[in-house]
1. Could you check Ser252 against (1) farther than 19 Å from Ser148 by Cβ; (2) outside the structural domain of Thr158 (by TED's automatic domain parsing); (3) of a type outside the set (A, V, I, L, M) and say which number it fails?
2. Pairs please, first residue from segment 156-171 and assigned by TED's automatic domain parsing to the domain that holds Ser194 and in contact (Cβ under 8 Å) with a residue 60 or more places away in the chain, second anywhere and charged (D, E, K, R) and in a helix (DSSP H, G or I), Cβ atoms under 7 Å, 6+ apart in sequence or on different chains.
3. Specify the residue that is nearest to Arg145 (Cα to Cα); the eligible residues are those in segment 255-297 that are among the β-branched types (Val, Ile, Thr) and either touching a residue at least 24 places away in the same chain (Cβ under 8 Å) or touching a helix residue (DSSP H, G or I) at 6+ places or on another chain (Cβ under 6 Å) (or both).
4. Would you please name the residue that is surrounded by the fewest Cβ atoms within 10 Å (Cβ to Cβ), looking only at residues in segment 149-168 that are more than 17 Å from Ser94 (Cβ to Cβ) and of a type in the set (A, V, I, L, M, F, W, C)?
5. Are any of the residues in segment 215-238 in contact (Cβ under 8 Å) with a residue 40 or more places away in the chain, in a loop (DSSP other than H, G, I, E, B) and touching a Gly at 6+ places or on another chain (Cβ under 9 Å)?
6. Farther than 30 Å from Thr65 by Cα, touching a Ser or Thr at 6+ places or on another chain (Cβ under 9 Å) and surrounded by fewer than 16 Cβ atoms within 10 Å (Cβ to Cβ): does that describe Gln202?
7. Where in segment 59-172 are there helices (runs of 4 or more DSSP H), lying fully within it, with 2 or more residues that are at pLDDT below 95 and within 30 Å of Pro44 (Cα to Cα)?
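The values are calculated or read from the model by the stated rules, or taken from the named source; none is laboratory data. As the structure is a prediction and not an experimental result, all values here were calculated from the model. FYI the Cβ positions are ideal-geometry reconstructions off the backbone, even for glycines, and counts take in every protein chain you see.
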Amino acid sequence: MSYQQHPVHRLWVAAGSPAPIECDGTAIAPRAMAPGVCAVTGGPGEYLYEQAFSANFTLPRNASTAFRHGHGSTAQSRRTAKPQKCLSAAAVWSSKAIVLRCATWILEPAEDGDRLTFHPSYRVPKDPEKAATWRSAWGDADPSRWLSWLLQPRPVGTVAAIPKYGIEHGGEQNFHRTYRPGHVPPDPLLKLQSKHVAVYAQPSTRAGVLALQVDSDVVIEVDTARWRPAHALALALARRLRELDVPAPAVSRALQARVLEHHYPAAAHAALASTLFRLGDLPRHPFWSLFSGGIHV
């Protein structure tokens with residue numbers, strides 16, 4: 001693919017082609033050197049590798065995916081005449097943009113260009129003050145609709161990612177503190193326990209099938225046409241279990257583990273078994289853990 005078609009470049013353009021910045025908003029300036037080839041996108045590179053990634057950042061088994069142009073990524077420094085690996089503005093921005101490690105995002109081709117959207121998956125905080133802050137960032141985006149949003153039919157070329165580790169460490173709750181298109185936070189989020197996602201994410205090759213990038217090294221193929229009916233069945237099961245006096249936490253555990261604690265009514269066990277049978281092999285699919293975690297009861 002051309003560098004303009006690379007997911008990282010497309011992400012950058014969809015975000016407004018912003019100048020790379022640190023998490024606190026400090027500008028990252030290009031280094032004085034002759035332009036080279038970006039190790040990530042293959043486009044023009046005017047930044048050094050060290051401006052985006054730390055020296056100990058390495059995932060050898062996925063290096064060919066993240067740095068597919070690494071063989072041609074050296075640039076000649078005007079000061080030292082020493083060849084150095086280089087990156088494009090898009091690659092530096094995507095590696096530094098903490099917003100891409102905070103919440104699920106989808107880059108979807110549209111008639112007027114790519115559209116980048118985010119959606120929360122965790123529940124709204126119970127604390128009123130925290131909930132108000134959460135709403136200031138997410139508006140009417142309801143976590144209970146996360147699966148419906150994720151499983152919409154989308155065209156070839158869609159890029160989808162779940163920064164699971166970052167979400168688990170408070171990414172969604174701190175979304176309001178991230179730099180993103182049209183938003184400059186007064187109290188920027190400087191650090192988040194998370195993993196790089198954008199540099200690995202790949203476009204789908206079939207309409208309606210997501211190549212879902214989860215954190216840095218797991219790609220899950222999700223055929224949305226199969227999972228939408230499963231979503232309806234799982235929601236119906238969750239409602240039925242609640243009607244049978246199974247507490248919400250136990251319902252969530254049952255969906256995740258595909259087993260209900262023995263002391264609940266026989267009708268509840270029968271409902272779970274019946275639904276699992278109707279779902280066929282989907283409960284054994286790698287997506288099941290994420291899918292079942294998105295059923296809010």
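1. For Ser252, the exception is condition (1).
2. That search, which allows pairs on different chains as well, returns Pro163/Arg101; Gly166/Arg101; Gly171/Arg101.
3. Ile295
4. Among those that are more than 17 Å from Ser94 (Cβ to Cβ) and of a type in the set (A, V, I, L, M, F, W, C), it is Val156.
5. Yes - at least one qualifying residue is present in segment 215-238.
6. Against the criterion (farther than 30 Å from Thr65 by Cα, touching a Ser or Thr at 6+ places or on another chain (Cβ under 9 Å) and surrounded by fewer than 16 Cβ atoms within 10 Å (Cβ to Cβ)), Gln202 does not qualify.
7. 63-66
Per-residue answers, yes or no, for (1) over 30 Å from Met1 (Cα atoms); (2) at pLDDT 95 or above:
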{"position": "Pro181", "(1), (2)": "no, no"}
{"position": "Pro188", "(1), (2)": "yes, yes"}
{"position": "Gln213", "(1), (2)": "no, yes"}
{"position": "Ser216", "(1), (2)": "no, no"}
{"position": "Leu233", "(1), (2)": "yes, yes"}
{"position": "Arg240", "(1), (2)": "yes, yes"}
{"position": "Asp245", "(1), (2)": "yes, yes"}
{"position": "Ala250", "(1), (2)": "yes, yes"}
